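One structure is given below, encoded as structure tokens.
The values are calculated or read from the model by the stated rules, or taken from the named source; none is laboratory data. Please read all numbers here as calculations on a predicted model, not as lab measurements. Neighbour counts run over all protein chains shown; Cβ positions are idealised from the backbone, glycine included.
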Amino acid sequence: MPSQALSHLRICDFSGQLAGAGATRFLAAFGAQVIRVEDPTNEGRWDILRGSPPYVDERRGVEFGGQFQNHNVEKLGVTLNLRTERGRELLREIIAISDAVTENFSAGVMARLGFSYEDMRAIKPDIVYVSNCGFGHSGPYESFKTWGPIVQAISGLTFSSGLPDEASAGWGYSYMDHTGGYYMAIATMMALHHRNRSGEGQWVDLSTVEAATTLNGPALLDHAVNERPLRREGMPHSNRGWPGRMAPHGIFPAQGDDCWIAIACRDDTDWAALADEISEPWAATSNLATLAGRLADLDALEASIATWTRQHDATSLAASLQAANVPATRVQTPQQRIEQDPDTAAWGLWPTVQHGAMGAVRVDGMPLHLSETDWEIARGTPLLGQDNDLVFGELLGIEASERAQLHAEGVI
């Protein structure tokens, strides 16, 4: 493989969980040397995902957590006890040879460790420091601690999820843990691009709550301009996308237990094709030939479509509708998407890596390809302290005897 897009970068990484580790995962996949720093006195568990489920088999412990393994592939792993002066000295040496320092601790943790942005800038004037926490490092909520569900709730995203006349449903999935990582990766690249052009480092202070708030753009605009609340009487059913513009446009039951098919009619031509496939008298009525007619009694239309789709296998029906140029697909389970969809193998979306304790493990790939400098994920997440010799020996030039002494003293 030719030189990867980010192979010129070195990142000193304290990030964990999903919102931080997910960001540096992108950088590592595209070739950046990401040195993940962990605490040797607490089995590395600055990151609570280390050792947490799911597991590949009956083995348990800090080296066997599936979530941690998935989010830290292609990174180097070192341990440093920052409670010791020698540990802090070694961190200063790593920072001095790094392009960026990344972390998603609560606000102020790095400063309390003695590594504020000013401290890091004294070590390396053009360092890029990227912090990612719930509310950032300013404002009245600065000291508050957050997780994905908290971020989603306070940003307004949770309120947007719900059916008419029902309470907000919220999301069981920590959407902003992952999306916060995407914002962090983008912000890191922007700051490094600026440094490459100007020679100036900077502190990127990222607030995941503010990142989530930007995802409410249309709803906030509707409130600010039209004074309309997001949840209101007569609000269109949230399972009907593009209300008033497409009909039908939603998810319908198929044959079998918990099997579904998505169907979207963009215009009257799509509806005519769908009606031909349905081939039942009710679908051929003239009032359904226009969007206005289909919207006039959308509940009845969707009930009729659901009665029809229940008679068919989702995969076969989706193929028939696609052949008729009607946008449709089965709602895929994880197993179907990973194991049975031919596009998965063609894309290379689930590469297999070699992990020091678990062996061969399949992990998430990247949702994009670069034709000349593509990503590569082959190295599993490092075991605790796995790369101490590489980083402290080869990069920092510390002799084996001194590394042994550092280990004996609990510094690494």
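Screening region 106-196 for helices (runs of 4 or more DSSP H) wholly inside it with 3 or more residues that are assigned by TED's automatic domain parsing to the domain that holds L18 and of a type in the set (D, E, K, R) returns the ranges 117-123.
Every residue, every condition in (1) within 27 Å of A28 (Cβ to Cβ); (2) of a type in the set (G, A, S); (3) surrounded by 15 or more Cβ atoms within 10 Å (Cβ to Cβ), yes or no:
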position: S116; (1), (2), (3): yes, yes, yes
position: P140; (1), (2), (3): no, no, no
position: A153; (1), (2), (3): no, yes, yes
position: T188; (1), (2), (3): yes, no, yes
position: A191; (1), (2), (3): yes, yes, yes
position: G199; (1), (2), (3): yes, yes, no
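Look at A303 and say whether it is of a type outside the set (D, E), in a helix (DSSP H, G or I) and surrounded by fewer than 13 Cβ atoms within 10 Å (Cβ to Cβ). Taking the combined requirement at face value, the residue satisfies it. Please indicate, with yes or no, whether at least one residue in region 377-391 is loosely packed, with under 15 Cβ neighbours inside 10 Å, outside the structural domain of T315 (by TED's automatic domain parsing) and more than 28 Å from R59 (Cβ to Cβ). Looking through region 377-391, none of the residues is loosely packed, with under 15 Cβ neighbours inside 10 Å, outside the structural domain of T315 (by TED's automatic domain parsing) and more than 28 Å from R59 (Cβ to Cβ).
Scanning region 42-83 for residues being out of contact with any strand residue (DSSP E or B) (no Cβ under 9 Å at 6 or more places or on another chain) and over 18 Å from A357 (Cα atoms) gives a total of 4. Among the residues of region 285-301, at least one is closer than 19 Å to W260 by Cα, without any contact (Cβ under 8 Å) to a residue 12 or more places away in the chain and out of contact with any Gly (no Cβ under 9 Å at 6 or more places or on another chain). Scanning region 357-376 for residues that are in a loop (DSSP other than H, G, I, E, B) and surrounded by 14 or more Cβ atoms within 10 Å (Cβ to Cβ) yields A357, M358, V363, D364, G365, M366, T373, D374, W375, E376.
Summed over region 392-412, residues that are surrounded by fewer than 12 Cβ atoms within 10 Å (Cβ to Cβ) and either touching a residue at least 24 places away in the same chain (Cβ under 8 Å) or on the phi > 0 side of the Ramachandran plot (or both) total 1. G77 meets each of the listed conditions (1) out of contact with any Pro (no Cβ under 7 Å at 6 or more places or on another chain); (2) in contact (Cβ under 8 Å) with a residue 24 or more places away in the chain apart from (1). Taking the criterion of being part of a loop (DSSP other than H, G, I, E, B), among the hydrophobic types (A, V, I, L, M, F, W, C) and either more than 16 Å from Q17 (Cα to Cα) or not assigned by TED's automatic domain parsing to the domain that holds G359 (or both), the residues of region 52-87 that qualify are V56, L80, L82. Considering only region 6-51, state which residues are part of a loop (DSSP other than H, G, I, E, B) and hydroxyl-bearing (S, T, Y). Result: S7, S15. Confirm whether N287 is more than 37 Å from the chain's Cα centre (by Cα) and either loosely packed, with under 13 Cβ neighbours inside 10 Å or not aromatic (F, W, Y) (or both). When the stated conditions are applied, N287 passes them.
Does A292 satisfy the condition of being part of a helix (DSSP H, G or I) and either touching a Pro at 6+ places or on another chain (Cβ under 8 Å) or among the acidic types (D, E) (or both)? Considered against the rule, which asks whether it is part of a helix (DSSP H, G or I) and either touching a Pro at 6+ places or on another chain (Cβ under 8 Å) or among the acidic types (D, E) (or both), A292 comes out as no. Of everything in region 27-74, what is free of Cβ contacts under 8 Å to residues at least 12 places away in the same chain and either touching a helix residue (DSSP H, G or I) at 6+ places or on another chain (Cβ under 9 Å) or closer than 30 Å to S3 by Cβ (or both)? Give them in sequence order. Passing the criteria: only Y55. Please go through region 92-102 and give me each residue that is surrounded by 20 or more Cβ atoms within 10 Å (Cβ to Cβ) and either in a loop (DSSP other than H, G, I, E, B) or out of contact with any strand residue (DSSP E or B) (no Cβ under 7 Å at 6 or more places or on another chain) (or both), ordered by number. Passing the criteria: S98, D99.
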